[in-house]
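Peer 1: Sharing a structure, written as structure tokens. Questions coming.
The values are calculated or read from the model by the stated rules, or taken from the named source; none is laboratory data. The shown structure was predicted, so the numbers you read here are calculated from the model rather than taken from an experiment. All Cβ positions, glycine included, derive from the backbone under ideal geometry; neighbour counts span all protein chains shown. Side chains included, ligands, DNA and RNA excluded: accessible areas come from the protein's heavy atoms. Shrake-Rupley method; radii C 1.70, N 1.55, O 1.52, S 1.80 Å.
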Amino acid sequence: MRPTLALIKREFTAYFLSPIAYVVLTVFLLVTGSLFVITLKLLTSDGPRGIEYPMSLMLGEDRFWLVFLFIPPLLTMRLFAEERGSGTLEMLMTSPVRDWQLVFAKYVACYGFYLFMWMPTAVYLPVVMDLKVDWNLSAWTPYSVPFVAGLVLAALGLAMMPIGWISRGALLFIAGALIATAGGYFHYRHDANHLASFTAGIDPYPVLTSYIGILLAGAMFLALGLFVSSLVKSQMVAAIVSLAIGLPFIAGVLLFPYIDASGDTFRVVSSFTVPLHFARDFTRGVLDTRHMMLYVTATMLFLFLTVRSVESRRWR
Amino acid sequence: MIHVEHLTKFYGDYAAVKDVSFDVDRGQVVGFLGPNGAGKSTTMRMLTGYLTPTSGRASIDGKDVFWDPIAARRKIGYLPESCPLYTEMRVEEYLHFRGGLKGMNRRETVQRSNFVMERCWLKEVRRQLIGTLSKGFRQRVGLADALLANPAVLILDEPTVGLDPTQIIETRKLIKELGADHTVLLSTHILPEVEMTCDSVIIIYQGQVAVQGTLDGVRAIHRANTLEDVFLKITGLMV
């Protein structure tokens, strides 16, 4: 456990020591920000123009996926390729850790960075859902104090994790969440009035399903990148190859513009075209298990192959 | 302490190490010699578990490096040939990371890394980025890392390469001192170094063990005055 934590911590902080992470974060924020502005304009415009599902404009459009295509390869390219290139992999593989721990730690670190990248987009959510909060402070009970304090602690713990205090942050987060849960439960038992009640003017579930989709699809692309990175010595090659393998998953149907949309070819190609999954299902509040199954199994397959590929280094 | 039995490694069709067997007893400092490409690094990499032998077996303190790799690696401090390090980390930070990786808890890690930094003369650069250090200092960081978990066995692949004369002398002295508490397997090209630091010697040539024994023993058998003569005789340069 401790070696894995030490590895995760190093891999995660290493992102912030390289310029590529800041480039990715900036470009990502610019793109999602501009998409948000467009969404906002459509949400507030009068007349016949408007949108049914705000999320389908943000994540269901090709604009977003064109940028997204480049993000996972940039995040994963260095993970193994750099270490093989500089020889530090020898230091890792001769230390008392299992190969799967190595792969797991690297994957968790890059997935953590991926989550970190998405975190700022939470700022858009109140607008996208048209969220309103009604405070009812007369419902305040003694139990609300631990509830609020627990939430603050948990937030503090989350904030600590990116700056290097991973285990301490996680511990604080868990402790805070437990205190908040206990406080919330007792508050509810004592007085069933809500302190704050949220009402969403726009259906919030498409937002939730969009995020579930984005978390799972990202897992697949990152696992693919990790696998490619474990095969080659050069970061450039790793990035380009994982881009090339990721391309059919993103371009998919776009590669065949004149395809018959009712034919079998279309069904096959659309089964792995991720943007289509988002345009049709995730951003409209549909959780299609076929897509989720694809993402999860592909993730597991690529992680398995990565472990094997790292292991096979020893045999050559 | 180190037990190697018929170790063989093929790279494709090429046999880098052929049927190598030797034993190193506890507390010995053993010089591992041979010309370039003789299979020294390959043997060391097999001992540390970085490579898997094609056939044969090796064990460290009774732990087989193939069947019980984690336990075997816990007993080893390894300094690879090129001394690869994370250049974007600071010296102290790197040692703390390695401590965690080797399963040491926070207090142990801090304690041990302070000790090894003292031991390897790294105190004044503890806050410096490894990328900005000179070759000599990097080598010391690698050595400090090898010593970090206080392993029973130290495997050092050319620890004095690229150092200046003062550093070489300091490092040799350190290795000699380390021989008191650790079993050391040391590969090098510099023969006088072996005569100064090691108790016994293994010479490997074309993937096979050519000579092994104590320094005096080896000299006596080959009727040579220095190790250099023995080495030249084996590698066929002097008849």
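Peer 1: With the condition kept exactly as written, say whether any residue in region A:82-95 is of a type in the set (A, V, I, L, M, F, W, C), more than 15 Å from the chain's Cα centre (by Cα) and away from chain B (no Cβ under 14 Å).
Peer 2: The answer is no; no qualifying residue exists.
Peer 1: Report yes if some residue within region B:98-121 is open to solvent by less than 20 Å² (accessible area, probe 1.4 Å), touching a helix residue (DSSP H, G or I) at 6+ places or on another chain (Cβ under 6 Å), modelled with pLDDT under 90 and over 20 Å from A:THR4 (Cβ atoms); otherwise report no.
Peer 2: Taking every residue of region B:98-121 in turn, at least one turns out to be open to solvent by less than 20 Å² (accessible area, probe 1.4 Å), touching a helix residue (DSSP H, G or I) at 6+ places or on another chain (Cβ under 6 Å), modelled with pLDDT under 90 and over 20 Å from A:THR4 (Cβ atoms).
Peer 1: Given the conditions (1) surrounded by fewer than 16 Cβ atoms within 10 Å (Cβ to Cβ); (2) touching a Pro at 6+ places or on another chain (Cβ under 8 Å); (3) closer than 24 Å to A:ALA200 by Cβ, which single one is not true for A:GLY87?
Peer 2: Among (1) surrounded by fewer than 16 Cβ atoms within 10 Å (Cβ to Cβ); (2) touching a Pro at 6+ places or on another chain (Cβ under 8 Å); (3) closer than 24 Å to A:ALA200 by Cβ, the lone unmet condition for A:GLY87 is (3).
Peer 1: Tell me whether region A:266-274 contains one or more residues that are β-branched (Val, Ile, Thr), buried (at least 18 other Cβ atoms within 10 Å of the Cβ), in contact with a Ser or Thr (Cβ under 7 Å, 6 or more places away or on another chain) and within 17 Å of A:ALA219 (Cα to Cα).
Peer 2: The answer is no, given that none of the residues of region A:266-274 is β-branched (Val, Ile, Thr), buried (at least 18 other Cβ atoms within 10 Å of the Cβ), in contact with a Ser or Thr (Cβ under 7 Å, 6 or more places away or on another chain) and within 17 Å of A:ALA219 (Cα to Cα).
Peer 1: Sort out which residues of region B:98-113 are facing chain A (nearest Cβ under 7 Å) and of a type in the set (A, V, I, L, M, F, W, C), and write them in order of number.
Peer 2: Within region B:98-113, B:LEU101 is the sole residue that qualifies.
Peer 1: Something else: Counting only residues that are open to solvent by less than 60 Å² (accessible area, probe 1.4 Å) and not in a helix (DSSP H, G or I), how many does region B:158-176 have?
Peer 2: 5
Peer 1: Quick check: anything in region B:10-22 under 18 Å from B:CYS198 (Cβ atoms) and surrounded by fewer than 22 Cβ atoms within 10 Å (Cβ to Cβ)?
Peer 2: Yes, region B:10-22 contains at least one residue that is under 18 Å from B:CYS198 (Cβ atoms) and surrounded by fewer than 22 Cβ atoms within 10 Å (Cβ to Cβ).
Peer 1: Would you check if there is a residue in region A:227-239 being over 21 Å from the mean Cα position of the chain (by Cα), polar (S, T, N, Q) and closer than 21 Å to A:TRP65 by Cα?
Peer 2: No, region A:227-239 has no match at all.
Peer 1: I'm told B:ILE155 meets every condition in (1) in a strand (DSSP E or B); (2) surrounded by fewer than 21 Cβ atoms within 10 Å (Cβ to Cβ); (3) in contact (Cβ under 8 Å) with a residue 24 or more places away in the chain except one. Can you identify the failing condition by its number?
Peer 2: Unmet for B:ILE155, out of (1) in a strand (DSSP E or B); (2) surrounded by fewer than 21 Cβ atoms within 10 Å (Cβ to Cβ); (3) in contact (Cβ under 8 Å) with a residue 24 or more places away in the chain: (2).
Peer 1: Residues to consider are B:GLY56, B:GLY37, B:GLY62, B:GLY31; find the one that is crowded, with 23+ Cβ neighbours inside 10 Å and not aliphatic (A, V, I, L, M).
Peer 2: Result of the check over B:GLY56, B:GLY37, B:GLY62, B:GLY31: B:GLY31.
Peer 1: Would you mind listing the strands (runs of 3 or more DSSP E) fully within region B:15-124 where at least 2 residues are over 24 Å from A:LEU102 (Cβ atoms)?
Peer 2: Hits in region B:15-124: B:29-33, B:55-60.
Peer 1: Regarding A:TRP165, is this residue within 14 Å of another protein chain (Cβ to nearest Cβ), open to solvent by 70 Å² or more (accessible area, probe 1.4 Å), within 30 Å of B:ILE155 (Cα to Cα) and among the aromatic types (Phe, Trp, Tyr)?
Peer 2: For A:TRP165, the condition - within 14 Å of another protein chain (Cβ to nearest Cβ), open to solvent by 70 Å² or more (accessible area, probe 1.4 Å), within 30 Å of B:ILE155 (Cα to Cα) and among the aromatic types (Phe, Trp, Tyr) - is not met.
Peer 1: With A:ALA298, A:ALA251, A:ALA244, A:ALA239 as the choices, which residue is within 19 Å of A:ALA81 (Cβ to Cβ) and crowded, with 18+ Cβ neighbours inside 10 Å?
Peer 2: Within the list A:ALA298, A:ALA251, A:ALA244, A:ALA239, the selection yields A:ALA239.
Peer 1: Hey, another quick one. When residues of region B:34-66 are filtered for being of a type outside the set (S, T, N, Q) and closer than 24 Å to B:LEU147 by Cα, how many remain?
Peer 2: Residues that pass the stated criteria total 16.
Peer 1: Among the candidates A:LEU69, A:LEU79, single out the residue that is of a type outside the set (Val, Ile, Thr), surrounded by 14 or more Cβ atoms within 10 Å (Cβ to Cβ), closer than 24 Å to A:ALA279 by Cα and in contact (Cβ under 8 Å) with a residue 60 or more places away in the chain.
Peer 2: A:LEU69
Peer 1: Would you please name the residue that is nearest to B:GLU118 (Cα to Cα), looking only at residues in region B:177-206 that are of a type in the set (A, V, I, L, M, F, W, C) and open to solvent by 70 Å² or more (accessible area, probe 1.4 Å)?
Peer 2: B:ALA180
Peer 1: Out of all the residues in region B:207-220, is one or more over 19 Å from B:PRO80 (Cα atoms), in contact with a His (Cβ under 6 Å, 6 or more places away or on another chain) and open to solvent by less than 50 Å² (accessible area, probe 1.4 Å)?
Peer 2: No.
Peer 1: Scan region B:125-133 and tell me whether some residue there is in contact with a Leu (Cβ under 9 Å, 6 or more places away or on another chain), part of a helix (DSSP H, G or I), open to solvent by 30 Å² or more (accessible area, probe 1.4 Å) and without any contact (Cβ under 8 Å) to a residue 60 or more places away in the chain.
Peer 2: Within region B:125-133 (the criterion being in contact with a Leu (Cβ under 9 Å, 6 or more places away or on another chain), part of a helix (DSSP H, G or I), open to solvent by 30 Å² or more (accessible area, probe 1.4 Å) and without any contact (Cβ under 8 Å) to a residue 60 or more places away in the chain), the answer is yes, since at least one residue qualifies.
Peer 1: Within region B:76-92, can you find the residues that are more than 9 Å from every other protein chain (Cβ to nearest Cβ) and either open to solvent by 20 Å² or more (accessible area, probe 1.4 Å) or closer than 20 Å to B:LEU178 by Cα (or both)?
Peer 2: B:GLY77, B:LEU79, B:ARG90, B:GLU92
Peer 1: Take A:ILE212 and decide whether it is open to solvent by 40 Å² or more (accessible area, probe 1.4 Å), hydrophobic (A, V, I, L, M, F, W, C) and in contact with a Gly (Cβ under 9 Å, 6 or more places away or on another chain).
Peer 2: no
Peer 1: Still on this structure, please answer the following. Given the structure, is A:ILE38 touching a residue at least 12 places away in the same chain (Cβ under 8 Å), open to solvent by 30 Å² or more (accessible area, probe 1.4 Å) and over 19 Å from A:MET119 (Cα atoms)?
Peer 2: yes
Peer 1: So, B:PRO53, is that one at pLDDT 90 or above and within 30 Å of B:ILE234 (Cβ to Cβ) or not?
Peer 2: Against the criterion (at pLDDT 90 or above and within 30 Å of B:ILE234 (Cβ to Cβ)), B:PRO53 qualifies.
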